[in-house]
1. Among (1) touching an Asp or Glu at 6+ places or on another chain (Cβ under 9 Å); (2) open to solvent by 50 Å² or more (accessible area, probe 1.4 Å), which single condition is Leu278 missing?
2. Just checking, how many residues over segment 78-109 are of a type in the set (Phe, Trp, Tyr) and over 14 Å from Ile178 (Cβ atoms)?
3. What are the residues in segment 244-299 that are of a type in the set (A, V, I, L, M, F, W, C) and in a helix (DSSP H, G or I), if any?
4. Out of the residues in segment 155-167 that are β-branched (Val, Ile, Thr) and touching a helix residue (DSSP H, G or I) at 6+ places or on another chain (Cβ under 7 Å), which is surrounded by the fewest Cβ atoms within 10 Å (Cβ to Cβ)?
5. Considering only segment 308-354, state which residues are open to solvent by 70 Å² or more (accessible area, probe 1.4 Å) and under 33 Å from the mean Cα position of the chain (by Cα).
6. Pairs, please: C-beta under 6 Å, at least 6 apart or cross-chain, first residue in contact (Cβ under 8 Å) with a residue 12 or more places away in the chain and in segment 277-296, second among the basic types (Lys, Arg) and open to solvent by 40 Å² or more (accessible area, probe 1.4 Å)?
7. Test Ile298 against the stated conditions and say whether it is among the aliphatic types (A, V, I, L, M) and either under 17 Å from Thr338 (Cβ atoms) or open to solvent by 80 Å² or more (accessible area, probe 1.4 Å) (or both).
8. Is at least one residue of segment 246-267 touching a residue at least 40 places away in the same chain (Cβ under 8 Å), out of contact with any helix residue (DSSP H, G or I) (no Cβ under 7 Å at 6 or more places or on another chain) and open to solvent by less than 40 Å² (accessible area, probe 1.4 Å)?
Amino acid sequence: MKNRLILGVLFIVVTVSVVFIIGRSRQAASAVNLGEARPAAEEATNLVPADASATPDSTDVLIPAEKARMAPALASGTWLNSETLTLEKLRGRVVYLEFWTFSCSNCINTLPAIKGYDAKFREKGLVVIGVQSPEFESEKSLETIKRGVARLDVKYPVVTDNEMKTWDAYGVNAWPTIFILDKQGRIRYKHVGEGAYAMQERVIQTLLAEGDKAMSSTTNDEFGGTKIVRSDEEWRKLLTPEQFHVLREKGTERAFTGEYADNHEAGDYYCRACHLKLFSSKTKFESGTGWPSFYEPINKKNVTEIADRSYGMVRTEVVCSRCGSHLGHVFDDGPQPTGLRYCMNSASLKFEKS
């Protein structure tokens, strides 16, 4: 009887111990799982809120999308480590621009951080571009630039800016100066000099995350509601004189002279000013008018129709819903299934092949 009592006590002790150990093991496992989840949570909280008080020229803050200005085009130059790139080609990616020169000590000090951004975020949608803007005449030699880029082990794209045209377009006045562009090509962040590396990384993460949402209107072929507002001076920097006249001054190109009047390739037509998708080649038809014509837009939300009573006529003007640029007019003499003819100016459109 005594032995049975002892065995019973031992059984209870062992059972309690096993339950306790299992419980502690589960707690440890839960702690490990929480630990593994922390980087994702930390990354989510690492995003930067836009500064509502910022202006388009603010530095060291994230500029709200609705206040940001479109980035000027990159002037022609010689490209190293890459084929020729344009900001239009890079729509849908976050672009990190550094105005630098290979012999500038301050610029060289930024390279470890910038190389780190390139390595960490390239596959996630970041494109780093070094705009080689010379301070001295000796920095204009292409062979010298190539040697400098190789010596500094710069692997990301570099473009020469020997005539300082891109430098002037962006209003730069010091080396190095950094601009970070969102996926729609707007300048959302600017920094002058060294430092602010942690902030820049957070801005990159924010724009990569925000970009997916911000571009959803283009991906889904539907205007999302955020308008782009620019001054005439800003538009003149982004457009050719003819494009500015048509898009911003409501001009009309001469019939049969436009780039797309006789275009029969498959693809989509975007607003030349803000790159909102407007029309598809699937709805393009030969109207015989001398202007590219479509029987319906990609999405009704992407174009806005306005009564036009100029020149003693009553017509319906068509403008881009996002930037308000003039596209052409719509008439009710088109083919089925809509019976409409969206008569557009080639200068207002940018065609991209499927």
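1. Here Leu278 meets the rest and fails (2).
2. Summing the residues that are of a type in the set (Phe, Trp, Tyr) and over 14 Å from Ile178 (Cβ atoms) in segment 78-109 gives 2.
3. Scanning segment 244-299 gives Phe244, Val246, Leu247.
4. Once the filter is applied, the top-ranked residue is Thr160.
5. Lys353, Ser354
6. No pair meets every condition.
7. Criteria met by Ile298.
8. Yes, segment 246-267 contains at least one residue that is touching a residue at least 40 places away in the same chain (Cβ under 8 Å), out of contact with any helix residue (DSSP H, G or I) (no Cβ under 7 Å at 6 or more places or on another chain) and open to solvent by less than 40 Å² (accessible area, probe 1.4 Å).
The values are calculated or read from the model by the stated rules, or taken from the named source; none is laboratory data. It should be emphasised that the depicted structure is a prediction, and the values quoted were computed from it without experimental measurement. Note: ideal-geometry Cβ built from the backbone for every residue, glycine included; neighbour counts use all protein chains shown. When the accessible area is computed, the model is the full protein with side chains, heavy atoms only, and any ligands, DNA or RNA have been set aside. Shrake-Rupley method; radii C 1.70, N 1.55, O 1.52, S 1.80 Å.
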